[in-house]
Amino acid sequence: MTSPAYLSGLFSLDDRVAVVTGGSSGIGRGIAEALARAGASVVVVARGKEALEATTAQLTSLGCRAAWVSADLGSRAGVRAAADEIVKEFGEPDILVNCAGINLRPPMSELTEHDWDLTLAVNLQAPHLLSQRFAPGMAERGFGRIIHVSSQQAHRAFAHSGAYGVSKGALESLARSQAEEWSPYGVTCNTLVPGFVLTPLNARLSSDPDTVRALAARTFIGRNGLPEDFAGAAVFLASRSSAYITGQSLFIDGGFSSH
């Protein structure tokens with residue numbers, strides 16, 4: 001077997017349908033492009049229609065199949081409405097990537113009930129509800145991949161982790177519970193853990209050059225992350241080659257967590 005055919009057998013996502021929440025910017029956009037270029041039909045979910053249109057236009061220009069759904073993932077009703085719209089595009093998904101997130105991190109003494117509720121709703125409740133909606137169908141078909149995007153704050157508190165760190169720690173626990181439930185039926189559930197990545201979600205920290213340099217110095221590689229750094233890991237975890245990997249947290253951080 002030639003190397004292209006062998007690699008395609010391992011990693012091709014042809015005939016798969018993927019959903020990427022938060023897929024119109026940052027890490028989510030990088031993952032959406034990677035999955036689409038690996039062959040999946042991708043539905044990008046986010047709030048801003050302009051960014052969604054730009055993302056799907058770019059993917060289409062690359063010869064990919066892509067569609068978008070504008071949704072508010074901060075409420076149960078919004079998540080359920082999004083799920084209904086998602087399946088209208090390419091049918092039931094085989095791959096679910098939960099990357100949408102909200103990054104409210106005031107000091108704990110200033111954390112409001114609204115901050116807490118919204119953070120947990122977007123960062124934890126939405127991934128749970130979407131997984132609960134789509135995973136049973138994946139299990140019936142004998143193949144599924146759920147990938148959550150977590151944070152360093154799930155493992156260590158710094159820079160006012162607050163409710164954000166709590167939500168991401170719980171998200172990794174959610175992946176393990178989901179892995180226990182659905183992996184016997186071919187549905188793996190794993191988490192990607194970024195280091196500091198230069199994205200709009202991190203605009204507050206990335207606006208300070210000294211902070212950017214200090215965070216880069218904490219890595220072994222000597223630089224901060226970029227959305228394209230997640231492409232290979234996302235395709236791997238979405239493909240058939242990761243069938244025996246589930247309930248795991250994979251750090252994509254340049255060695256930040258090992259420093």
Open item on the list: Not counting ligands, DNA or RNA, and with a 1.4 Å probe, what is D15's accessible surface area in Å² rounded to the nearest 10?
Closed with: 150 Å²
Task: Zero-based 5 Å bins, Cα pair distances in the stretch 148-196, whole percents - done: 5, 23, 27, 19, 12, 8, 4, 1
Task: Coordinate range along principal axes, alpha carbons of the stretch 1-143, Å, largest first - done: 61, 33, 27
Open item on the list: Quick check: Cα centre of the stretch 181-259 to Cα centre of the stretch 90-162, how many Å?
Closed with: 15 Å
Task: Environment charge of T55, counting only residues whose C-beta is closer than 11 Å and scoring Lys/Arg +1, Asp/Glu -1 - done: -1
TODO: Mind checking the stretch 153-259 for trypsin sites (Lys or Arg not before Pro) that DSSP puts in a loop (not H, G, I, E or B) and that have at most 11 other Cβ atoms within 10 Å?
DONE: R156
- [ ] For every helix of n ≥ 4 consecutive DSSP H residues, a contribution of -39,500 (n - 2.57) applies; sum these over the chain, divide by its total residues, and give [θ] at 222 nm rounded to the nearest 500 deg cm²/dmol.
- [x] -13500 deg cm²/dmol
- [ ] Quantify, in whole percent, the carbon and sulfur part of the accessible surface of the stretch 3-93 (1.4 Å probe; protein heavy atoms only).
- [x] 48 percent
- [ ] Calculate the dipole size of the chain relative to its Cα centre from +1 charges on Lys and Arg beta carbons and -1 charges on Asp and Glu beta carbons; express the result in debye to the nearest 20.
- [x] 320 debye
Task: Per-pair calculated FRET efficiency, R0 = 30 Å: D210 and S109 via Cβ, rounded to 0.05 - done: 0.70
- [ ] Enumerate the amide H contacts of C189 below 5 Å, restricted to partners 5 or more residues apart or on another chain; note that Pro and chain-start residues carry no placed amide H.
- [x] I146, G247
Task: Vicinal HN-Hα couplings computed from phi for the stretch 142-158 (Karplus, 6.51 cos²θ - 1.76 cosθ + 1.60; Hz; Gly/Pro x) - done: x, 8, x, 9, 10, 10, 9, 10, 9, 6, 4, 5, 6, 10, 8, 8, 7
TODO: At 1.4 Å probe size, with every protein chain present, just tell me what the per residue accessible area of the chain comes to in Å².
DONE: 45 Å²
Task: Cα pair count fraction exceeding 17 Å, expressed as % - the stretch 1-52 - done: 42 percent
Open item on the list: Classify the stretch 130-220 from the C-alpha gyration tensor, please: rounded if a/c falls under 1.5, else prolate or oblate depending on whether a/b exceeds b/c.
Closed with: prolate
Task: Contour minus Cα-Cα distance for A54 and S3 (0.36 nm per residue) - done: 14.9 nm
TODO: Using the Kyte-Doolittle scale, find the helices of the chain whose mean hydropathy is at least -0.5 and whose Cα atoms extend 15 Å or more along the helix's long axis, counting only whole DSSP H runs.
DONE: 26-37, 49-61, 76-90, 126-141, 162-182
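The values are calculated or read from the model by the stated rules, or taken from the named source; none is laboratory data. Values in this document were obtained by computation on a predicted structure and should not be read as measured data. Counting neighbours? That spans all protein chains shown, and the Cβs are built from the backbone with ideal geometry, glycine included. To get the accessible areas, we keep the full protein, side chains included, count just its heavy atoms, and leave off ligands, DNA and RNA. Shrake-Rupley method; radii C 1.70, N 1.55, O 1.52, S 1.80 Å.
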